Amino acid sequence: MTSHEIHIIGGGLAGSEAALTLSRMGHPVRLSEMRPSVPTPAHRTGHLAELVCSNSLGSKSPLKAKGLLLAELKIAGAALPGIFERYSVPAGQALAVDAALAAEEVTRTIEADPNITLQREEVTRWPDAPAIIAAGPLASKPLMEAIATELGTTFLHFFDAISPSVFLDSVDLSQAFFASRYGVGGDDYLNIPLTEERYNTLVDDLLQAERVPIKEYEPDRLFEPCLPVEVIAARGHMSLAFGPLKPRGLDDPATGRRQFAVLQLRRETIAGDVYNLVGFQTRLTQDAQRRVLRKLPALNEAKFARYGMMHLNAYLDGPAVLNPDLSLKKYPQIFIAGQLAGGEGYLEAMATGFFAALNLAAKIQGRQLMIPPTTTMSGALLNALTSGTAKDFNPTQVQFGLLPALEAVVRNRKKRDILRAERAMKDMKSWLGYNGMKPQDIEGLE
């Protein structure tokens with residue numbers, strides 16, 4: 001057991017993963033989380049590792065970037081992926097979870113860990129080393145001011161949006177059907193078909209509906225993969241039909257034909273009582289959300305479990321302030337993880353928390369740093385967050401484009417992705433010390 005107590009600020013996905021990882025390595029941890037006494041605009045509970053925007057962690061397939069990162073984290077021994085998988089709900093190829101039950105399990109696990117002291121406190125000053133700052137994009141203002149002052153920098157920011165959720169028993173199922181796109185994964189999604197007339201009305205209503213004013217900032221910088229539906233609609237009348245409401249692969253079983261558009265809902269709970277409107281992030285007022293969505297026949301009597309909303313996400317200019325191991329250039333024994341490091345996404349947060357913990361432990365013990373090769377999705381993510389030109393740094397989600405090119409040119413995209421995924425898993429296992437691994441031994445790449 002080491003005598004170094006490590007302070008982790010923030011009990012989200014990154015902070016929780018870092019705490020559990022360090023504990024398993026024998027390090028005493030003090031984990032500070034300000035919720036529930038100090039709330040945020042997006043969180044609803046005081047549980048650790050609470051998901052705030054969606055209950056989906058992305059694809060489970062290692063042939064997709066999220067799935068590949070998930071597979072790497074699992075073989076590397078990260079703690080949270082296994083917990084979240086235990087609370088998965090049917091969602092086709094996606095790893096969707098009962099977020100409330102998963103967060104409760106993470107909280108219980110950390111509270112019961114003898115190496116972790118959980119303190120419900122707001123941290124308002126710069127921490128003593130060694131520490132990991134994983135306070136998330138919604139860190140309290142005093143802490144953000146302390147970080148900015150200490151680093152001599154300002155925070156970057158963007159706006160993120162959340163989709164509404166409805167209770168299933170308030171949906172008219174005679175006006176909807178269960179199916180997954182192209183029949184993959186079973187009938188896991190609830191789909192509300194829209195005729196051209198209903199689609200046109202929905203678009204018009206979205207453009208005219210009242211929006212919640214944003215305090216302090218106007219949302220001039222939006223996160224492109226998570227745009228509010230009213231913003232997408234304003235880009236062109238058919239933008240939603242080719243975006244989150246696209247009907248491709250969802251033929252209506254009642255007619256056998258493809259509808260003009262489809263509003264898809266994904267199960268949020270293991271009990272199956274709450275469904276989230278997929279891709280329907282919005283900044284509309286609650287009254288406007290009720291009015292617009294209840295015009296759809298299936299949602300005439302909809303009761304909302306949660307309304308959509310928009311919130312500010314703040315992050316640091318990673319290439320300017322971070323070393324490749326996620327430590328600060330100015331303070332090498334203080335690490336940044338999660339959204340503050342510029343990683344956008346649940347798995348990205350877990351990954352940064354995991355590798356920040358490994359590298360902080362390595363520094364304390366005088367061992368070699370734990371930075372995976374850039375041919376892995378984990379290494380490519382760390383590289384994207386800490387290198388490159390600092391003047392135009394944007395939030396980063398994992399994608400195959402982060403990986404270096406193959407040695408040989410492969411023009412078929414599917415084959416190219418298979419080869420890059422095989423290389424990533426092979427290099428990850430080699431880096432971790434696995435021996436005798438062959439490409440055909442990689443699970444899930446059939």
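So the values come out like this:
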read-out: When residues of the stretch 3-21 are limited to those that are closer than 15 Å to Pro127 by Cβ and of a type outside the set (Gly, Ala, Ser), the one farthest from the chain's Cα centre (by Cα); value: His4
read-out: Some residue of the stretch 160-180 being under 27 Å from Met34 (Cα atoms), part of a helix (DSSP H, G or I) and at pLDDT below 95; value: no
read-out: Qualifying residue in the stretch 47-63 (condition: hydroxyl-bearing (Ser, Thr, Tyr), surrounded by 22 or more Cβ atoms within 10 Å (Cβ to Cβ) and more than 21 Å from Leu277 (Cα to Cα)); value: no
read-out: Some residue of the stretch 37-45 being at pLDDT 90 or above and out of contact with any His (no Cβ under 9 Å at 6 or more places or on another chain); value: no
read-out: Glu17 vs. criteria of a type in the set (Asp, Glu) and farther than 19 Å from Gln397 by Cβ; value: no
read-out: Some residue of the stretch 118-136 being under 30 Å from Gly366 (Cα atoms), of a type in the set (Lys, Arg) and either at pLDDT below 95 or out of contact with any Phe, Trp or Tyr (no Cβ under 9 Å at 6 or more places or on another chain) (or both); value: yes
read-out: Yes/no for Leu265 being among the hydrophobic types (A, V, I, L, M, F, W, C), in the same structural domain as Thr195 (by TED's automatic domain parsing) and in contact (Cβ under 8 Å) with a residue 40 or more places away in the chain; value: yes
read-out: Index of the failed condition, Val229 passing every other in (1) modelled with pLDDT of 95 or more; (2) under 27 Å from the mean Cα position of the chain (by Cα); value: (1)
read-out: Sole exception among (1) assigned to a helix (DSSP H, G or I); (2) farther than 21 Å from Asn323 by Cα for Val409, by number; value: (1)
read-out: Members of the stretch 281-295 that are assigned to a loop (DSSP other than H, G, I, E, B) and either at pLDDT below 95 or polar (S, T, N, Q) (or both); value: Gln281, Thr282, Arg283, Thr285
read-out: Residue ranges of strands (runs of 3 or more DSSP E) in the stretch 1-101 with at least 1 members β-branched (Val, Ile, Thr) and out of contact with any Lys or Arg (no Cβ under 9 Å at 6 or more places or on another chain); value: 6-9, 29-33
read-out: Verdict on Thr149 being free of Cβ contacts under 8 Å to residues at least 40 places away in the same chain, touching a helix residue (DSSP H, G or I) at 6+ places or on another chain (Cβ under 8 Å) and not small (Gly, Ala, Ser); value: no
read-out: Matching residues in the stretch 315-374 - criterion: being surrounded by 20 or more Cβ atoms within 10 Å (Cβ to Cβ), acidic (Asp, Glu) and modelled with pLDDT under 95; value: Glu344
read-out: Total residues in the stretch 324-360, condition in contact with a Leu (Cβ under 9 Å, 6 or more places away or on another chain), part of a loop (DSSP other than H, G, I, E, B) and not aromatic (Phe, Trp, Tyr); value: 9
read-out: Hits in the stretch 102-138 - residues which are charged (D, E, K, R) and either without any contact (Cβ under 8 Å) to a residue 12 or more places away in the chain or in a helix (DSSP H, G or I) (or both); value: Glu104, Glu105, Arg108, Glu111
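Each row is one residue, and each column tells you yes or no for (1) more than 30 Å from Gln264 (Cβ to Cβ); (2) basic (Lys, Arg); (3) buried (at least 17 other Cβ atoms within 10 Å of the Cβ).
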| residue | (1), (2), (3) |
| --- | --- |
| Val89 | no, no, yes |
| Ala103 | no, no, yes |
| Thr107 | yes, no, yes |
| Pro114 | yes, no, no |
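The values are calculated or read from the model by the stated rules, or taken from the named source; none is laboratory data. Please read all numbers here as calculations on a predicted model, not as lab measurements. Ideal geometry is used to build each Cβ from the backbone, glycine not excepted, and the neighbour counts take in all protein chains shown.
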